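The values are calculated or read from the model by the stated rules, or taken from the named source; none is laboratory data. These numbers were taken from a predicted model, which means no experiment stands behind them. All Cβ positions, even for glycine, are placed from backbone atoms using ideal geometry, and neighbour counts span all protein chains on display.
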Amino acid sequence: MQPKIAFVGTGGTIASIGTDQFDLLDYTATGERLDSVGVIERTGLQGAIATILPVNFRQIDSTAITFTDWADLVDLCHELCADPELQGIVIGHGTASLEETAWILSLVLDIGIPVIVTGSMRPLNGISSDANANLAAAIRVAVARAGEPGVFVVLNDEIHAPRSVTKAHTLRLGAFQSPWLGPLGYVDGPDVNAPHLVGPSRPASFGRDLLRRLPRVDIVYSYVGADGHAIRSFVSGGSKGIVSAGFGPGMATPEETAALGEAFSQGVVVVQSARTGAGQVVDSKHHRSLGIIAGSDLNPQKARILLALCLARGDSPSEIEAVFQAI
Ligand code: ASP
């Protein structure tokens, strides 16, 4: 008997139909996105590697994903696990925010089967679309990991950890990379070759109830001449946390840094990240004196998710600092 794998479609390019096979860039204009049943039918993958249970969820662009979508998706994954025969879940997702969804799933899901997040860079009906291949590879990884927990991202024959993976190009098929670290493994034809993929990519650390009360947390991007205006606007707009996407070592401009210190004194938790896309942020004495927490090696969008979860849990600034140090 074949393993049973659920396919949860959320929309994105992997579910999109362009006007014709050469419509590889502006295909969202058609607005045509298939649901999970439609995607599986069109790929012809039913029964090829696994028995697939298509589960309809959303048919949206991943730029439109909200905290509520995350909460519903996590609940859905938990509900699917009520089926004792289910051995894995594959999620089809738009690539725009795929890394953020995979990251939050890895922090919150508490289930005993693997969850593989995939997408595609070309629409389902596009010429040389990667949609079929990515979906097939994701199903293969789910089957290979059957019965074991852990969230992984699979595109372009590569298996990545949610923590390290990022969309590093707007268009190339190999857009998903784990900068400086590389993939955890590969899908080579029918084989899943992943010697480094042992155990869950991250243990669940946060209760899923927190997803329904995530506070507002914003990101401020540093550039030459940036002042404190955006930071003060976020604070007056109700931010409970701010992530600074600073320059290389993990530093904002002097004016931004002063505004971040002010934000902290007004009760806003501030995390320093960097716009480089990789590397540990320096835990600077000056930042410490202002209450600014070093954001580990998480990119700003992932630091924001971790900070929002900590704040929803009611962690104090020193507890939040400990979470960022331990992650
Ligand atoms: N616009 C698409 C999205 O839903 C892009 C993609 O799926 O690759 O994120």
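Determine which member of the set 192, 154 is under 30 Å from residue 246 (Cα atoms) and either at pLDDT 95 or above or surrounded by 15 or more Cβ atoms within 10 Å (Cβ to Cβ) (or both). Explain how you work it out, then say what you get.
On the way: 192 fails: under 30 Å from residue 246 (Cα atoms).
Answer to the selection: 154.
Select from the range 37-77 the residues that are touching a Pro at 6+ places or on another chain (Cβ under 8 Å), away from the ligand (no atom under 16 Å from the Cβ) and not in a loop (DSSP other than H, G, I, E, B) and list them in ascending order.
Passing the criteria: 37, 40, 51.
Could you tell me which of the residues 269, 281, 220, 224 is hydrophobic (A, V, I, L, M, F, W, C), touching a residue at least 24 places away in the same chain (Cβ under 8 Å) and within 20 Å of residue 314 (Cβ to Cβ)?
Working: 281 fails: within 20 Å of residue 314 (Cβ to Cβ); 220 fails: within 20 Å of residue 314 (Cβ to Cβ); 224 fails: within 20 Å of residue 314 (Cβ to Cβ).
Selected residue: 269, the only one of 269, 281, 220, 224 that is hydrophobic (A, V, I, L, M, F, W, C), touching a residue at least 24 places away in the same chain (Cβ under 8 Å) and within 20 Å of residue 314 (Cβ to Cβ).
Conditions tested, residue by residue: (1) closer than 16 Å to residue 291 by Cα; (2) part of a loop (DSSP other than H, G, I, E, B).
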position	(1), (2)
234	no, no
244	yes, no
256	yes, no
272	yes, no
276	no, yes
280	no, yes
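Identify the single condition in (1) assigned to a loop (DSSP other than H, G, I, E, B); (2) touching a helix residue (DSSP H, G or I) at 6+ places or on another chain (Cβ under 7 Å) that residue 183 does not satisfy, given that it satisfies every other one.
(2)
Would you pick out the residues in the range 116-127 that are within 15 Å of the ligand (Cβ to nearest atom) and surrounded by fewer than 20 Cβ atoms within 10 Å (Cβ to Cβ)?
The one that is within 15 Å of the ligand (Cβ to nearest atom) and surrounded by fewer than 20 Cβ atoms within 10 Å (Cβ to Cβ): 125.
Here's the yes/no breakdown for (1) of a type outside the set (Lys, Arg); (2) surrounded by 17 or more Cβ atoms within 10 Å (Cβ to Cβ); (3) within 22 Å of residue 178 (Cβ to Cβ):
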| position | (1), (2), (3) |
| --- | --- |
| 261 | yes, yes, no |
| 279 | yes, no, yes |
| 290 | yes, yes, no |
| 294 | yes, yes, yes |
| 308 | yes, yes, no |
| 324 | yes, yes, yes |
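Can you tell me how many residues within the range 2-42 are touching a residue at least 24 places away in the same chain (Cβ under 8 Å), within 23 Å of residue 86 (Cα to Cα) and surrounded by fewer than 15 Cβ atoms within 10 Å (Cβ to Cβ)?
1
Do any residues in the range 56-70 that are farther than 12 Å from residue 31 by Cβ and modelled with pLDDT of 95 or more have Cβ atoms under 7 Å from those of residues that are more than 13 Å from the ligand (Cβ to nearest atom) and in a helix (DSSP H, G or I), where the two are at least six apart or on different chains, and which pairs are they?
Qualifying pairs under 7 Å: 56/36; 56/37; 57/73; 57/76; 67/211; 70/104; 70/211.
Considering only residues that are aliphatic (A, V, I, L, M), within 16 Å of the ligand (Cβ to nearest atom) and assigned to a strand (DSSP E or B), which ones fall in the range 78-115?
Of everything in the range 78-115, those that are aliphatic (A, V, I, L, M), within 16 Å of the ligand (Cβ to nearest atom) and assigned to a strand (DSSP E or B) turn out to be 90, 91.
Surrounded by fewer than 19 Cβ atoms within 10 Å (Cβ to Cβ) and either touching a Cys at 6+ places or on another chain (Cβ under 7 Å) or small (Gly, Ala, Ser) (or both): is that true of residue 244 in this structure?
no
Counting only residues that are closer than 22 Å to residue 128 by Cα, in contact with a strand residue (DSSP E or B) (Cβ under 7 Å, 6 or more places away or on another chain) and not in a strand (DSSP E or B), how many does the range 1-16 have?
3
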